[in-house]
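Structure first, then comments.
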Amino acid sequence: MSKIIVVFGATGAQGGAVMKALLADPNYKVRAVTRTEAKVKDLESQGAEAVVASFDDPESLKKAFAGAYGAFVVTNFWEIFSMEKEIEQGKAAVDAAKAAGVKHFIFSGLENVKDTIGKDCYHFDGKAKVEEYLKASGMPFTSVRYSFYYENLLYFFPPQKQSDGTFTITIPMGSTPMDAVSVADMGVAVRSILNDRDAYLGKFIGLSGDRLKIAEYADVISRVTGKTVKSVDISIDDYSKLTFPGAAELGAMFDFYVRGNPDRSVELTRKLNPKTRTFEQWTTENKDAFLKLLN
């Protein structure tokens with residue numbers, strides 16, 4: 001009999017990849033969670049059972065977890081811009097899953113930046129607090145810690161065109177390599193963790209597909225597209241003072257990447273998904289999207 005896995009964020013990047021990987025395995029049945037009735041038919045058309053539930057509605061969570069073997073839970077700071085709210089939501093999911101007797105709770109967690117380098121980084125620190133709560137709860141769990149997404153270089157940190165026709169990437173990592181991964185590849189990694197539950201219970205798994213300097217990421221894009229893409233040197237302090245929303249938050253994240261020595265493993269990630277792509281492989285497969293961007 002197929003095991004029911006509750007997948008939160010099923011219409012998003014992380015949850016969507018997990019749902020896709022689980023739907024390809026007859027050992028699992030996906031119960032996809034959405035907050036809106038409008039998305040139910042689309043999820044059902046992909047082969048999932050769809051349920052409408054919210055972290056803020058305990059009764060809906062009770063129904064979402066009922067009879068489930070496992071769960072993949074991801075919270076979204078960037079949607080609510082509140083660490084306290086994200087912690088509340090994560091704790092609510094833990095409590096509901098524990099009450100339902102879930103056997104394997106996989107949480108998309110992150111490190112505590114405040115404790116590590118002394119800077120507030122709310123979208124990390126909130127998830128770290130949920131990890132602490134999860135560990136103390138006695139719930140059988142695994143925490144997966146994603147790296148910077150390759151996809152961010154297409155959508156959120158795209159190369160910017162300069163007056164001379166070249167393009168620049170501005171990420172304040174200096175000469176420190178940065179772990180990154182395609183979020184689309186990590187659904188299979190999560191499925192592998194479910195498949196080998198005992199090996200990963202109580203573990204914090206750092207996921208990475210590649211580890212390059214920012215200048216090397218730029219070089220890959222240049223090589224694949226034929227465009228000139230360069231990295232721009234900028235200090236953490238100057239980056240944090242930029243005027244776009246979340247600059248200080250992201251500055252703290254990059255500072256943690258530089259000074260906090262986050263534990264990410266390309267080797268373990270490839271064990272979990274042997275088809276995890278390098279950045280060059282992923283960029284080559286997304287060449288057309290980059291060329292459309294770099295016009």
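By the helix-only formula, in which each DSSP H run with n ≥ 4 contributes -39500 (n - 2.57) and the sum is divided by residues, the chain has a 222 nm mean residue ellipticity of -13000 deg cm²/dmol. Sorted largest first, the spans of the alpha carbon positions of the stretch 235-274 along the three principal axes are 40, 19, 12 Å.
Shape analysis of the stretch 96-234 based on the Cα gyration tensor places the equivalent ellipsoid semi-axes at 36, 17, 11 Å, largest first.
The residues of the chain have, on average, 46 Å² of accessible surface per residue, using a 1.4 Å probe with all protein chains present.
In a shell of Cβ-Cβ distance under 13 Å around Gly165, excluding Gly165 itself, what net charge do Lys and Arg (+1) and Asp and Glu (-1) give? Net charge in that neighbourhood comes out at +2. Near the amide H of Gly209, within less than 5 Å, lie the amide hydrogens of Ala180, Val181, Ser182, all on another chain or at least 5 residues away, with H placed in the peptide plane.
Build a GNM of the chain with springs between Cα atoms under 10 Å apart, and of Ala199, Ala71, Ala252 the one that fluctuates most is Ala199. Per the 1.4 Å probe, what fraction of the accessible area of the chain, in percent, lies on carbon and sulfur atoms? Summing carbon and sulfur atoms, their accessible area is 50 percent of the total for the chain. Find the relative contact order for the stretch 6-138 and round it to a whole percent, using C-alpha pairs within less than 8 Å whose residues are 6+ positions apart. Computed value for the stretch 6-138: 20 percent relative contact order. Structural descriptor for the chain: relative contact order 17 percent, calculated from alpha carbon pairs under 8 angstrom and at least 6 residues apart. Our analysis of the stretch 66-141 gives Rg over Rh at 1.00, with the two radii drawn from alpha carbon positions and Rh computed by the Kirkwood formula.
Annotation: peptides 272-283, 153-164, 4-15, ranked by per-residue average of other Cβ atoms within 10 Å with the highest first, follow the order 4-15, 272-283, 153-164. Placing a label point 7 Å from the Cα of Arg197 along the Cα-to-Cβ direction, the residues of the stretch 101-121 whose backbone N falls under 14 Å from that point are 101-106.
Over the Cα atoms of the stretch 1-157, each weighted equally, I'd like the Debye log10 I(q)/I(0) at q = 0.11, 0.13, 0.18 Å⁻¹, rounded to two decimals. Treating every Cα as an identical point scatterer, log10 I(q)/I(0) equals -0.42, -0.59, -1.12. Working ranking of peptides 205-211, 97-103 by packing, defined as the average number of other Cβ atoms within 10 Å per residue, highest first, is 205-211, 97-103. Reported to the nearest whole Å, the Cα centre-to-centre distance from the stretch 76-139 to the stretch 207-245 is 29. Measure nothing but the geometry: give the 0 to 90° angle between the long axis through the Cα atoms of 122-137 and the longest principal axis through the Cα atoms of the chain, rounded to 10°. Tilt of helix 122-137: around 30 degrees. Pairs of Cα atoms nearer than 8 Å and 6+ residues apart set the relative contact order; for the stretch 146-244 it is 38 percent.
Across all Cα atoms of the chain, the radius of gyration (one decimal) and Dmax (whole number) stand at 19.4, 61 Å.
The values are calculated or read from the model by the stated rules, or taken from the named source; none is laboratory data. Quick caveat: nothing in here was measured; it's all calculated off a predicted structure. Here Cβ is always computed from backbone atoms with ideal geometry, including for glycine, and neighbour counts include all displayed protein chains. Side chains included, ligands, DNA and RNA excluded: accessible areas come from the protein's heavy atoms. Shrake-Rupley method; radii C 1.70, N 1.55, O 1.52, S 1.80 Å.
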